[in-house]
Amino acid sequence: MKKLRYLLPFLFVSFSVFSQKIDTLYVNSSATTYLIFDEAITLFNLGNTDFQAQTASTLPMSLGSQVLLLKSKIPNAKPTTLLLTHGKLIYQAYLYYKEPLNQSFYDYRSKNQSKESFKTTDENLRLEDKFKKLAISPMNVSFKKTQSGILLHCENIYTDVNGVYLKFSLSNESSIAYEIDNVSFSYQSKMKKRAINRLQSLGIEEVNVLKRFEPVTILTTQKSEKYYYYIPLYATTDNGFLEVVFREKNGLRNIKIAIPFKKILKAEML
């Protein structure tokens, strides 16, 4: 009887977990699917490695731990399962690949939970829409640089009130695969009289990328891909420029493009 008394709560919990409804979610490789819950996500697990998931660490701490970002690593990924815990509750779902997505935001909060707190994720969705427009926009600028068979071409520049949208074409015309280690952006101008740090003494203001879409990091031979970035807008001098550097991992084929700041100032709004 004593063993049975200890076993009954376990059986009840197990039954409640496995009898609950299992949702179906759709994910793809070109957009992010968002899940938001009432309480912090304490654990999550995916059934296979074709998909990736992470909590929204870029959101405010009070909300970021409640949001899960889902995406497929590859096109047409095989279906898999998702299990996560939020607070004392367990959530289960099946993940399927779908292109395009009919729904990318799943809100599992109770109805009395304020929707205003999710403005940051709404901003992510807005940026995704802007990236889609950028992808189909005709070329409006042309800045090129070639380094050992690697051709980097800036094809589009657009702006909004806060930042700059950039589209690049990267082509590997060499016989060796090109692996991207990092893509960096810095606004550069004349030397400043009062330098706060070493970079500023050289007239350099490095900026962090606000959003990026890099379809592949390893560009095989005779292949070409488009790369998309959204960076903060920073006021530099009239003769300043934006330096973009594609750095090769374990190699010396680092490609730099200088985009005059005047060109950015005259860019169309997206």
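The values are calculated or read from the model by the stated rules, or taken from the named source; none is laboratory data. All of these numbers come straight from a predicted model, not from anything done at the bench. FYI the Cβ positions are ideal-geometry reconstructions off the backbone, even for glycines, and counts take in every protein chain you see. SASA here: full protein model, heavy atoms, side chains in, ligands and nucleic acids out. Shrake-Rupley method; radii C 1.70, N 1.55, O 1.52, S 1.80 Å.
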When you scan the stretch 27-44, do you find a residue that is at pLDDT below 85, among the aliphatic types (A, V, I, L, M) and within 20 Å of Phe213 (Cβ to Cβ), even just one? yes
When the stretch 218-235 is examined, which residues are found to be at pLDDT below 90 and over 25 Å from Glu123 (Cβ atoms)? none
The condition of being farther than 15 Å from Phe168 by Cα and surrounded by fewer than 16 Cβ atoms within 10 Å (Cβ to Cβ) holds, among Pro232, Pro215, only for Pro232
Between a first residue in the stretch 162-173 that is part of a strand (DSSP E or B) and a second residue that is charged (D, E, K, R) and surrounded by 17 or more Cβ atoms within 10 Å (Cβ to Cβ), which pairs have beta carbons less than 7 Å apart while being 6 or more apart in sequence or on different chains? Tyr165/Lys130; Lys167/Glu155; Phe168/Glu155; Ser169/Glu155
Being in a loop (DSSP other than H, G, I, E, B), among the basic types (Lys, Arg) and at pLDDT below 85 is the filter here, so list the residues in the stretch 84-135 that pass it. Arg109, Lys111, Lys115
Given (1) without any contact (Cβ under 8 Å) to a residue 24 or more places away in the chain; (2) touching a Pro at 6+ places or on another chain (Cβ under 7 Å), where does Phe241 come up short, assuming only one miss? (1)
If we keep just the residues of the stretch 244-261 that are of a type outside the set (Phe, Trp, Tyr) and closer than 26 Å to Asp129 by Cα, which is surrounded by the most Cβ atoms within 10 Å (Cβ to Cβ)? Val244
Filter the stretch 139-149 for residues that are at negative phi and not basic (Lys, Arg); which is least open to solvent (accessible area, probe 1.4 Å)? Val141
Among Leu152, Leu166, the single one that is surrounded by 20 or more Cβ atoms within 10 Å (Cβ to Cβ) and under 21 Å from Gly251 (Cα atoms) is Leu152
